[in-house]
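Participant: Mind having a look at this structure? Questions to follow.
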Amino acid sequence: MKRKDDYIQPNAPTYTGQIIKALSGFYYVEEKESQVIYTTRARGQFRNTQTTPLVGDFVEFQANNTKEGYVMKILPRYSQMIRPAVANVDVALLVASVTEPQIQPKLLDRFLVYLESENIEPILYFSKMDLADQASQADKDRIDQFIKVYKEVGYQVILSTDLDGNFDQLKELVANRTMVVVGQSGVGKSTLLNRLLPSLAIETGEISTSLGRGRHTTRHTELHDIFEGKVADTPGFSSIDIDQLDKVLLSNYFPEMRAIQDQCKFRGCTHIQEPKCAVKAALDAGEIAQSRYDSYLQIFQEIDNAKPKY
């Protein structure tokens, strides 16, 4: 008995393209040369190898027409995010709200560690800065200090007020690249994308007062054309699993630690209890923020306590 994907016509042409959307078992592929969108399914062979095509994948596909095609081969990926599931990402615009919902340093650092581990360049975008202007002076000082920490680490930082009518800074950073917009629910990802691409008209959601976080307004991942590159809107979420990382390598994903860890006396220093540790010396000298070190300790302990996965 023939499988359903055997009904591709024998003389059907083979194309190369990129998956720009995956929904309900269908993969929408933009053909490389014509930019025509083809509706495809994955061949049964991918089920046998437990391989799932992802948004962002470059693929070879065959098609009888634009409505009937099959993904035949997934080309090698140069990066892959698990959650959200996107392949071949160059840069991630990590959206963090300074209020409503309140800043969560440890969650932000988890995102950054995850991106660093996948070799994806992070850009920090702090949203709702206009609301921060209405805060008390103490809260304003707290927000300013929080943002300063990440600037001093060396991360590229953009404030929502920086984009008022001027996208040149962001255009320069993402031109000809694939960017994913990530962050917990309710931080303003959809609002940002609507400013960048008004034609999207993405529904925005209010903050759940019972949960203290946003209601999801994006329910699938899709690539859109922007600044001669691509941008992916992804569903929001409130946690990220990174306990699969190697705790010995964890400090590599904190740039301020990575820069000085070779100065530690002991090779493989965990920067926790070892003597003559350059990281702890920098912490004591105020050169590494306590909040960042606390995040490191929390993630290290979480990885250490994680049960092996087989």
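Participant: Which residues, taken from region 160-197, are part of a loop (DSSP other than H, G, I, E, B) and either at pLDDT 80 or above or among the hydrophobic types (A, V, I, L, M, F, W, C) (or both)?
Facilitator: Correct list: PHE167, ALA175, ASN176, ARG177, GLY183, VAL187, LEU197.
Participant: Might you check whether a residue that is crowded, with 21+ Cβ neighbours inside 10 Å, out of contact with any Pro (no Cβ under 6 Å at 6 or more places or on another chain) and either at positive phi or free of Cβ contacts under 8 Å to residues at least 40 places away in the same chain (or both) occurs anywhere in region 30-39?
Facilitator: The answer is yes; a qualifying residue exists.
Participant: Return only the number of the condition from (1) modelled with pLDDT of 80 or more; (2) buried (at least 17 other Cβ atoms within 10 Å of the Cβ); (3) more than 23 Å from the chain's Cα centre (by Cα) that ALA132 does not satisfy.
Facilitator: Unmet for ALA132, out of (1) modelled with pLDDT of 80 or more; (2) buried (at least 17 other Cβ atoms within 10 Å of the Cβ); (3) more than 23 Å from the chain's Cα centre (by Cα): (1).
Participant: Checking ASP141 against (1) surrounded by 14 or more Cβ atoms within 10 Å (Cβ to Cβ); (2) at pLDDT below 90, only one condition comes out false. Which one?
Facilitator: (1)
Participant: Where in region 17-68 are there strands (runs of 3 or more DSSP E), lying wholly inside it, with at least 3 residues that are over 21 Å from MET81 (Cα atoms) and outside the structural domain of GLY229 (by TED's automatic domain parsing)?
Facilitator: Where strands (runs of 3 or more DSSP E) fall fully within region 17-68 and carry at least 3 residues being over 21 Å from MET81 (Cα atoms) and outside the structural domain of GLY229 (by TED's automatic domain parsing), they are 37-42, 58-65.
Participant: Testing THR270 on (1) over 25 Å from the mean Cα position of the chain (by Cα); (2) closer than 20 Å to ILE147 by Cα; (3) surrounded by 14 or more Cβ atoms within 10 Å (Cβ to Cβ), one condition comes back false. Which one is that?
Facilitator: Unmet for THR270, out of (1) over 25 Å from the mean Cα position of the chain (by Cα); (2) closer than 20 Å to ILE147 by Cα; (3) surrounded by 14 or more Cβ atoms within 10 Å (Cβ to Cβ): (2).
Participant: Here's a follow-up. Could you identify the single residue in LYS280, LYS247 that is of a type in the set (Lys, Arg), crowded, with 17+ Cβ neighbours inside 10 Å and within 21 Å of ASP109 (Cα to Cα)?
Facilitator: LYS280
Participant: Report, by residue number, each residue of region 93-122 that is polar (S, T, N, Q) and either crowded, with 21+ Cβ neighbours inside 10 Å or not in a helix (DSSP H, G or I) (or both).
Facilitator: Result: SER97, THR99, GLN102, GLN104, ASN119.
The values are calculated or read from the model by the stated rules, or taken from the named source; none is laboratory data. Here the structure is a predicted model, which is why all the values come from computation and not from measurement. Cβ coordinates were reconstructed from backbone atoms using ideal geometry, including for glycine residues, and neighbour counts include every protein chain displayed.
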